[in-house]
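K.L.:
Structure provided below as structure tokens; questions to follow.
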Amino acid sequence: MNQPLLTAIAIAMLAIPSTSKNDTDPVPKSTKTTQVTVYTTAENSSFRLTKTATLQFSPYGQPFETEPAVFVDPNKSFQTFVGIGGALTDASAETFAKLPKIKQTELLEKLFGKENGIGYSLARTNIHSCDFSSGSYTYIKENDKELNSFNIDHDMKYRIPFIQQAIAAAGGKLTLFVSPWSPPAWMKDNKSMLQGGKLLPAYYQSWSNYYVKYIYSLQKLNIPVWGLSVQNEPMAKQRWESCLYTAEEERDFIKNFLGPTLTRSGLADKKLIAWDHNRDLLYQRANTILSDPAAAKYVWGIGFHWYEDWTGGGKLFDNVRRVNEAFPKTNLIFTEGCAESFDLKKINDWKWGETYGRSLINDFNNGTVGWTDWNVLLDEKGGPNHVGNFCFAPVHADTKTGELTYLNSYYYIGHFSKFIRPGAKRIISSTSRGQLLTTAFKNLDGSIIVVVMNQSNEAIPYHMGIGNKAVAYTSQAHSIQTMVVN
């Protein structure tokens, strides 16, 4: 369907009166004088987080089965929203440093600005090196069990300045958590930071102290640390920095070493995140750790990634819900995801944005409180990366020309991060069509944010209703819309 026809449909829908019954029902107070502003990103169009309509509610009663609809109930609220953002890695920082100053300013505003950007409010960074570093490194000298040589001088060149500028661009506040990929090689049984291996029991306390040293080092630089995860991907033997823990080993490390060490060091308020790996083993890991009260008392949340469908099984969104059902007092947070196997020829594929949209909607609807993308910025090769594990990011920079490319994933993420603000509560949003995915939140200022994503090849006219009032609009093929109800 061509763009002029789509636009005509959208305009026509605004004037369609409800054909539903019971239009004389009482009008909910919350929708008597309410305006709805619509923002759209759509394939085969120029719409990129574009304001496309301002609508007014009209009476709307019982819908017919033939009428696609999204039903929102602000009176049913669930988890409190922490934020959405991405990882401030070495790769992102090094790429950022190669940009002209004007492009650096643009990127910071586009990522963290609330007015002219997508308002990132959450961030993650790596404790010493990860795959998205130019090389492996740590913060201490070989065999320094007491950590007397600890310093983060390596990070002062690129990563620390980048994090500080990101905080400033976010208005002075950015919820930051930190994650290790591997202990130093000499603390592990395989004597390598790469290829998995395990932390030797003799160094459990030294490694626990390492987290504390790192957090305090950042905070001395006016970089507040909100939380930390125990280990990035503790069941993955990777060709890059990695370290393996069974569920029982992670539980006991938290219970006997990391949790008590944080408490003794005055860091009990830091949000400790367990698992930090895929949805596939999410319930097994959460159940093992959280069923032990001595470990669970230290754990703020369970983190998860989206790479579990490498066997072709698909996304296991229900596993997030299972943990939420079984442990409703424990937070769920998405800690990493990206499109792998970078290919410059595929940088404009629409599937990248839709992958993000599906994950964000399903994860939030299943109880997730925060959502963290992987690298916020990568170069024209999908790096830098010291093991050739090149990936996509929402923004890529050509370090030769200084130009920035914003993938459609950037705009899809923005349909959530720009409008849903920390402290919001998720509310009910239900759809009558499988082609339409939806989630909704109510912000602290009372505004209601409804996200509607159309993953089909057809435009779908629909009503978005609250109580017995609704607005009519059309969801374009392969599009995402945010409706802001003021």
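K.L.:
Counting only other residues whose beta carbon sits under 11 Å from that of ASN278, what net charge do I get with K and R as +1, D and E as -1?
P.N.:
Local charge sum for ASN278: -3.
K.L.:
Residue by residue through region 294-306, what is 3J(HN,Hα) from phi via Karplus (6.51 cos²θ - 1.76 cosθ + 1.60, θ = phi - 60°)? Round to whole Hz and write x for glycine and proline.
P.N.:
5, 8, 4, 5, 8, 9, 7, x, 10, x, 8, 10, 10
K.L.:
Near ILE413, within a Cβ-to-Cβ distance under 13 Å, what is the net charge of the other residues, with Lys and Arg +1 and Asp and Glu -1?
P.N.:
Local charge sum for ILE413: +1.
K.L.:
Another question, then. Can you sort ASP252, ASP153 by how many other beta carbons sit within 10 Å, fewest first?
P.N.:
So the ranking, lowest neighbour count to highest, is ASP153, ASP252.
K.L.:
Now, a different point. Within region 255-383, what is the number of lysine pairs with alpha carbons under 12 Å apart, leaving out pairs fewer than eight places apart on the same chain?
P.N.:
4
K.L.:
Which ³J(HN,Hα) values in Hz, rounded to whole numbers, follow from the phi angles of region 79-91 under the Karplus curve 6.51 cos²θ - 1.76 cosθ + 1.60, where θ = phi - 60° and Gly and Pro get x?
P.N.:
So the Karplus estimates, Gly and Pro as x, are 5, 8, 6, 8, x, 9, x, x, 8, 9, 8, 4, 4 Hz.
K.L.:
Can you sort THR372, THR66, THR401 so the residue with the fewest Cβ neighbours within 10 Å comes first?
P.N.:
Fewest-to-most ranking of THR372, THR66, THR401: THR66, THR401, THR372.
K.L.:
Rank these for me by crowding, MET187, MET464, going from fewest to most other beta carbons within 10 Å.
P.N.:
MET187, MET464
K.L.:
Measure nothing but the geometry: give the 0 to 90° angle between the long axis through the Cα atoms of 317-326 and the longest principal axis through the Cα atoms of the chain, rounded to 10°.
P.N.:
80 degrees
K.L.:
If the chain between ALA185 and SER432 were fully stretched, how many nm would it gain, using 0.36 nm times the residue separation less the Cα-Cα distance?
P.N.:
So the extension gain works out to 83.5 nm.
K.L.:
Taking the Cα centre as origin and putting +1 on Lys and Arg beta-carbons and -1 on Asp and Glu beta-carbons, what dipole magnitude results for region 185-303, to the nearest 20 debye?
P.N.:
In total the dipole reaches around 280 debye.
K.L.:
Calculate the length of the line joining the C-alpha centroid of region 302-375 to that of region 181-224, in whole Å.
P.N.:
First find each Cα centre; the distance between them is then 27 Å.
K.L.:
List the relative contact order of the chain as a percent without decimals, with contacts defined as Cα pairs under 8 Å and 6+ residues apart.
P.N.:
Worked out over the chain, it gives 23 percent.
K.L.:
When the dipole is taken about the Cα centre of the chain, and only Lys, Arg (+1) and Asp, Glu (-1) are charged at their Cβ, what size is it in debye, to the nearest 20?
P.N.:
With only Lys, Arg, Asp and Glu charged at Cβ, the dipole is about 1000 debye.
K.L.:
Assuming R0 = 35 Å, what is the FRET efficiency of GLU146 and GLU109, from their Cβ-Cβ distance, to the nearest 0.05?
P.N.:
0.20
K.L.:
So, one more: Taking the Cα-to-Cβ direction at THR263 and at ASP309 and moving 7 Å from each Cα, how far apart do the two end points lie in nm?
P.N.:
In this crude label model, THR263 to ASP309 measures out at 4.1 nm.
K.L.:
Still on this structure: Of LEU111, TYR283, LEU200, which is farthest towards the positive pole of the chain's charge dipole, taken about the Cα centre with +1 and -1 on the beta-carbons of Lys, Arg and Asp, Glu respectively?
P.N.:
About the Cα centre, the residue reaching furthest to the positive side is LEU111.
K.L.:
Quick check for you: which residues of region 457-486 have the amide N under 16 Å from the point 7 Å beyond the Cα of LYS351 toward its beta carbon?
P.N.:
Flagged as within label range: 457, 478.
K.L.:
Lys/Arg Cβ at +1, Asp/Glu Cβ at -1, dipole of the chain taken about the Cα centre: which of LEU377, THR330, LEU344 is farthest positive-ward?
P.N.:
THR330
K.L.:
A further question on this structure: Need one number: nm distance between label points at PHE78 and ALA168, each 7 Å from Cα along Cα→Cβ, rounded to one decimal.
P.N.:
It is 3.9 nm.
K.L.:
Helix 3-14 versus the longest principal axis of the chain: what is the Cα-based angle in degrees, 0 to 90, to the nearest 10?
P.N.:
Long axis of 3-14 versus the principal axis of the chain: about 70 degrees.
K.L.:
Further question on the same structure: If you add up the charges near LYS351, with Lys and Arg at +1 and Asp and Glu at -1, over every other residue whose beta carbon is less than 15 angstrom from its beta carbon, what do you get?
P.N.:
With Lys, Arg at +1 and Asp, Glu at -1, the net is -2.
K.L.:
Right, something else. Any lysines with Cα under 29 Å of the LYS469 Cα? List them, leaving off those in the same chain fewer than 8 positions away.
P.N.:
Qualifying lysines at Cα under 29 Å: LYS21, LYS29, LYS32, LYS51, LYS76, LYS418, LYS425, LYS442.
K.L.:
Please give the Cα centre distance for region 112-168 versus region 431-486, rounded to the nearest Å.
P.N.:
38 Å
K.L.:
Now for a different question. Does the chain come out rounded, prolate or oblate, given a ≥ b ≥ c as the square roots of the eigenvalues of its C-alpha gyration tensor, rounded meaning a/c under 1.5 and, failing that, prolate meaning a/b above b/c?
P.N.:
Prolate is the answer for the chain, as a/c is 1.5 or above and a/b outweighs b/c.
K.L.:
Amide H neighbours of LEU55 under 5 Å, counting only residues 5+ apart in sequence or on other chains, H built in-plane at 1.01 Å?
P.N.:
The list, which skips near neighbours in sequence, is VAL36, THR37, VAL38.
K.L.:
Mind giving me the FRET efficiency for GLU458 and GLU403? R0 is 45 Å, r the Cβ-Cβ distance, nearest 0.05 is fine.
P.N.:
That gives a FRET efficiency of 0.80.
K.L.:
Compute the angle between helix 408-417 and the longest alpha-carbon principal axis of the chain, please, reported from 0 to 90 degrees and rounded to the nearest 10.
P.N.:
80 degrees
K.L.:
Let me ask something additional. For ARG48 and LEU344, FRET efficiency with R0 = 25 Å and r from the beta-carbon atoms, rounded to 0.05?
P.N.:
0.80
K.L.:
Once Lys and Arg get +1 and Asp and Glu get -1 on their Cβ, which of PRO461, GLN435, PRO422 lies farthest toward the positive end of the dipole of region 406-475?
P.N.:
Checked the options; the winner is PRO422.
Coordinate-derived values only; no laboratory data. All figures in this text were calculated on a predicted structure; none of them were measured in a lab. Ideal geometry is used to build each Cβ from the backbone, glycine not excepted, and the neighbour counts take in all protein chains shown.
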